[in-house]
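The values are calculated or read from the model by the stated rules, or taken from the named source; none is laboratory data. Owing to the predicted nature of the structure, the values given are computational and were not obtained by experimental measurement. Here the Cβ is made from the backbone with ideal geometry for all residues, glycine too, and neighbour counts use every protein chain on show. These accessible areas exclude ligands, DNA and RNA; they are computed on the full protein's heavy atoms, side chains included. Shrake-Rupley method; radii C 1.70, N 1.55, O 1.52, S 1.80 Å.
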Amino acid sequence: MKNLLVTGYRAHELQIFDEKHKGIGYIKKAIAGRLVPLIEEGLEWVLTPGQYGVDLWACDVVIGLKKQYPHLKLSIITAYKNPEEKWKDEKKNFYHDILRGVDYYGAVSNQEYSGVWQLTARDDLLLRKTDGILLLYDEDAAEGSPRFYKEKALKKQLKDGYRYMSISSEDIQSIANEEIYNSFE
């Protein structure tokens, strides 16, 4: 696998409203734990839609991993121009910090948001340009935005052998439990 799409819930879908939330660290560790073996097997590019939440946390992880794996590249492909325009300053600043570590940035549409067609076009492009997906998604939780990626990825898996991998809330809870347990030793 050379190119991997990494995405999942938006921050608000996880009830995370600032970068200080301790759950973000566990999510990042889960993402890193899945990425490292793939990188060591030849992964070259990580692509995300660049939404505030799992997408940007994954970007932050990749930027950190690039120190150990300098061949690794990172891309954000947004649906439309200036997706961060209406975000609060803290989120905008985080986004702009992430953009400094990105190897390729592009927007499917060079206009501001005008309709769901932009999101559909972005998703289709990301799925077309990647060999697999790592999706943070929990079947038992509220469905949220990752459901659409899951449906499309599973169809592509049946048709083309697209690789589908997921991170569940149990995976993240396991990391949190292990960290808590280790803090008592």
(message) With the structure loaded, tell me whether Gly33 is in contact with a strand residue (DSSP E or B) (Cβ under 9 Å, 6 or more places away or on another chain) and assigned to a loop (DSSP other than H, G, I, E, B) or whether it fails that test.
(response) no
(request) State all residues of the stretch 18-48 that are of a type in the set (Phe, Trp, Tyr) and in contact with a helix residue (DSSP H, G or I) (Cβ under 7 Å, 6 or more places away or on another chain); if no residue qualifies, say none. (result) Tyr26
(request) Can you give me the number of residues within the stretch 3-27 that are closer than 24 Å to Leu72 by Cα and open to solvent by 50 Å² or more (accessible area, probe 1.4 Å)? (result) 0
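For the stretch 124-152, what are the residues that are among the aliphatic types (A, V, I, L, M) and under 14 Å from the mean Cα position of the chain (by Cα)?
Here is the first cut: in the stretch 124-152, the ones among the aliphatic types (A, V, I, L, M) are 125-127, 133-136, 141-142.
Selection gives Leu126, Leu127, Ile133, Leu134, Leu135, Leu136.
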